[in-house]
Amino acid sequence: MRQLLLPLFLLLCCTALPLCAQYAPGNQVSESYLKAHGHASFFKVTPIPDDVFARMQGKSYKAGCPVKRSELRYLRCLHRTSDGRALVGEMVLHQRIANDVLDILRQLFEARYPIERMQLIDNYDGDDGRSMAANNSSAFNYRKVPGKAVLSRHAYGMAVDINPLYNPYIYHKNGRRIVDPKAGAPYVDRSRKHPYMIRRNDLCCRLFLAKGFRWGGDWKYTKDYQHFDKK
């Protein structure tokens, strides 16, 4: 009898969960599922779950981080790749901007705006360079601004990077131009065309600016085309 009851119990536990909760970050969601159930239940902001915070330890959330766990939020959503696939995305942000970013990402998904990858930077051991090279869109990461001694707005969860490989960070150090990530060098030329490139008049930029964010593409001495932040 016990051998029969255990599989039944496990089946009931799984079916009791909302179906959207069974999709792990990075997984594709079928169009048939979205047609039958809609996408609203995928868009959610919550306090940082224990399993997520465990993933962050020593990676994005290092010793000395100025932001308390209680001030951060975990965001789950959907995003579409350039070939139209719907994927489950995730981010960690400061509570002050989490709902605004959720609303922006919802509008981008509904407009089929392309975002290739959206996973926690902890999947890359908190290494911003590896995350950018993978064209991973991310937010919170306790780190300094590359080439400077000051903390990034990402260290406070107050910045978001979108499609970073195709929207590189360009700055100068010791008289030398640095392009970060290096593989993004061809996209310093903003006259090029690529579905993941951000332009000031495109939907992504307009939605962030409308919510009071700054865009790094507007900066005078450096350019950070992937970057949106709030003070």
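Which peptide among 168-179, 116-127, 56-67 comes first, and what is the full order, when sorted by highest mean count of other Cβ atoms within 10 Å?
Averaged packing, sorted descending, gives the order 116-127, 56-67, 168-179.
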Worksheet, complete the sentence: Summing -39500 (n - 2.57) over every DSSP H run of at least 4 residues in the chain and dividing by its residue count gives a helix-only mean residue ellipticity at 222 nm, to the nearest 500 deg cm²/dmol, of -7500 deg cm²/dmol
Discussion item. Using each residue's phi in region 70-75, evaluate 6.51 cos²θ - 1.76 cosθ + 1.60 at θ = phi - 60° and report the 3J(HN,Hα) Karplus result to the nearest Hz, with x for Gly and Pro.
Written reply: 5, 8, 9, 10, 9, 10
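Could you state the per residue volume, in Å³, of the convex hull enclosing the Cα atoms of the chain? Mind dumping the intermediate values first?
Working: hull volume 33.0 nm³, N = 231.
In the chain, the Cα hull volume divided by residue count equals 143 Å³.
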Worksheet item: Averaged per residue, what accessible surface does the chain expose to a 1.4 Å probe, in Å²?
Response: 51
Response to the item:
Whole-percent carbon and sulfur contribution to the accessible surface of the chain (1.4 Å, no ligands, DNA or RNA) stands at 54
Worksheet entry | region 209-217 - phi-based ³J(HN,Hα) in whole Hz, Karplus 6.51/-1.76/1.60, Gly and Pro as x | 4, 5, 8, x, 7, 9, 10, x, x
Worksheet item: To the nearest 10 square angstrom, how much accessible area does Glu71 have with a 1.4 angstrom probe?
Response: 60
Worksheet entry | Whichever lysines have a C-alpha closer than 22 Å to that of Lys44, once near sequence neighbours (fewer than 8 apart) are set aside | Lys35, Lys68, Lys211, Lys230
Item to complete: For Leu75, Leu151, give the ranking by accessible area with the largest first, probe 1.4 Å.
Response: Leu151, Leu75
Worksheet, complete the sentence: With Cα springs under 10 Å, the Gaussian network model of the chain assigns the largest mean-square fluctuation among Val52, Val160, Val150 to Val150
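The values are calculated or read from the model by the stated rules, or taken from the named source; none is laboratory data. Note that the coordinates shown come from a computational prediction; the quantities given were computed from them, not determined experimentally. Glycine gets a Cβ as well: all are built from the backbone with ideal geometry, and neighbour counts include every protein chain shown. Keep in mind that these areas ignore ligands, DNA and RNA; they rest on the heavy atoms of the full protein, side chains included. Shrake-Rupley method; radii C 1.70, N 1.55, O 1.52, S 1.80 Å.
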